[in-house]
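What follows is calculated from the coordinates using simple rules that are stated; it is not laboratory data. Note that the coordinates shown come from a computational prediction; the quantities given were computed from them, not determined experimentally. Please note: Cβ atoms are built from the backbone with ideal geometry, for glycine as well, and neighbour counts cover all protein chains shown.
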Amino acid sequence: MHSINRLSNRAFGFTVLILSILISGCYEDSSGNSDSNEGTPTINSTNPVTTATTVPINNSVTVTFSEPIDETTLTTESFIVKGAGEMALVGVVNLDTVSNTATFDPTDNLTPNIVYTATITTAVKTTTGKALASSYVWTFTSGATADSTAPTVSSTDPIDTATGVPINRNINVVFNESLTPASVNDASFSVTADMGATSISGIVTYKTTLVTFNPTSDLVADTLYTATVTSEITDIAGNALAVDYSWTFTTGSTVAAGPAPVNLLTAGNYVILTKTGITNVPTSAITGDIGATPITAASMDNVTCTEITGTIYGADQAYTGSGDISCFAGTAPDNTLVATAVLDMGTAYNDAANRTTPDFTELHAGNISGKTLVPGLYKWGTNVLINTDVTLSGGANDVWIFQISGDVIQAAGTSVLLIGGALPKNVFWQVGGGTGVALDTNASFKGIVLAIKGITVNTGTTVGGRLLSQTAVTLDMNTITQPAP
């Protein structure tokens, strides 16, 4: 009787959640921008991130803008870095116009173990003359030592020795930390064919930890390519890549359908990632790493080591679980890894949200129940409803990006089906609604969720993909499995 009551209570709670989402209607775009604010610059990311600790004393400070910036407005008077009880730092400000990233290089090392405040003032303007709506301020705390560790390559796309690579995709490499923007260019990242005999022309761009090579024209079918990043690349502490890094891949003859995939950067190392914690009714089965920050690692205590095939990463060492902490990583380097991943999660969300020229707009008024969807970029200003099975039909290299201003609501017992070779890693659900994602009992969901709010997975539901939330993830006896690379 107790178990029946428990399930009834869960069902009632989920019904209330669904009703609240339906009543709430549509939400404005998560950026909060309106037409009148178009072109107004905002801050996409900083390094160090806000409230970061143990920042190396030889670090530079970087900030990436949403819009092209007038270089003449960036000075040490509009980009200010000041330690507690100290005068503002003396240094040089440089702007990388490709990535819209400004770098403050202090003349001297930071003072160890003090709080620094960085400020971008409204004197900073875009190339069209628009200023920040207000000054942007964040803090970080210096550590005791300098960073002398070289950056490393975390992942590449295509992966090394990949075959059948579509001829119309970019080449990407993700590093384990932020780089000096000026060190990333066509001299430090090159692509060649025929064992180095033929250089490929293209444009190199940089964003946080991602470097992208966009070929000027499609690659040649059935050809071996070599991509190389060189030791000219440095991190923001000035450490160079220890040695040149090269990998190879072979194209097929296919042209991938749909938009370019969203690069998750280091957020792609996690099957669940949040800012405000993970709650769980045991027993769940989670395959892949999980993490939460800046909230304390204790926010993941009800996910135990027996439920996860992977590692739990936290912002501190407060995780206790069931008493077994063998699956937990909470040292200072681990804190940095998960903090970077959360930053990358935000970057990936913005990438997905800011894709333009959708192939489908307001399709079926947001009710995709029973529909078959081909690869493409989809945009809705409403909630998206899955009341009966929805099918995604396409090949292994095809991509779906769903831009959803409202919430995603999936009914009990329904499925997101992938056919024709379609893969979960290529399905992206960017959800900007004020509640987030609600997956009812015993459902089956596929794809990468990038949600500005929460993700609630009800009893018995399975997820093949990743749950990346800028608030919390709630589990209840679920199976969550990261997609194959």
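Assorted remarks:
- Mean ellipticity per residue at 222 nm, deg cm²/dmol - from DSSP H runs of n ≥ 4 across the chain, formula -39500 (n - 2.57): -3000 deg cm²/dmol
- 10 °C / 1.306 mPa s Stokes-Einstein diffusion coefficient of segment 384-477, Kirkwood radius on C-alpha pairs, µm²/s: 122 µm²/s
- Straight-distance crosslink candidates among aspartates and glutamates, where the alpha carbon sits under 12 Å from Lys379 and sequence neighbours closer than 8 are dropped: Asp29, Asp359, Glu362
- In terms of the mean number of neighbouring beta-carbon atoms within 10 Å, the peptides 367-375, 231-239 order highest first as 231-239, 367-375.
- Neighbour counts of C-beta atoms inside 10 Å place Ile200, Ile114 in the sequence Ile114, Ile200, starting with the fewest.
- Farthest positive-ward along the chain dipole, Cα basis, beta-carbon charges - from Gly83, Pro151, Asn397: Asn397
- Normalised contact order of segment 343-411, rounded percent, pairs of Cα under 8 Å and 6 or more residues apart: 31 percent
- Packing-based ranking, highest mean first, of 214-222, 348-356 given that Cβ atoms within 10 Å are counted: 348-356, 214-222
- Distance between segment 123-178 and segment 396-461 - C-alpha centres, whole angstrom: 27 Å
- Three-way shape label, segment 153-251, alpha-carbon gyration tensor, a/c 1.5: prolate
- DSSP-defined antiparallel bridges as percent of all bridges, the chain, nearest 5: 45 percent
- Charge tally for Val431 (other residues, Cβ to Cβ under 9 Å; Lys, Arg +1; Asp, Glu -1): 0.
- Other residues with beta-carbon under 15 Å from the beta-carbon of Tyr225 carry, at +1 per Lys or Arg and -1 per Asp or Glu, a net charge of -4.
- Longest to shortest principal axis, alpha-carbon extents of segment 256-338, angstrom: 48, 29, 20
- Relative contact order of segment 153-251, defined on C-alpha pairs under 8 angstrom at six or more residues apart (%): 35 percent
- Other residues lying with their Cβ under 15 Å from the Cβ of Asp301 contribute a combined charge of -3, Lys and Arg counting +1, Asp and Glu -1.
- Neighbour counting of Cβ atoms within 10 Å sorts the residues Phe213, Phe360, fewest neighbours leading, into Phe360, Phe213.
- Tilt relative to the chain, helix 332-353 - C-alpha long axis, 0 to 90 degrees, to 10: 70 degrees
- Here the translational diffusion coefficient of the chain follows from Stokes-Einstein with Rh set to the Kirkwood radius across Cα pairs; for 25 °C and 0.890 mPa s it amounts to 104 µm²/s.
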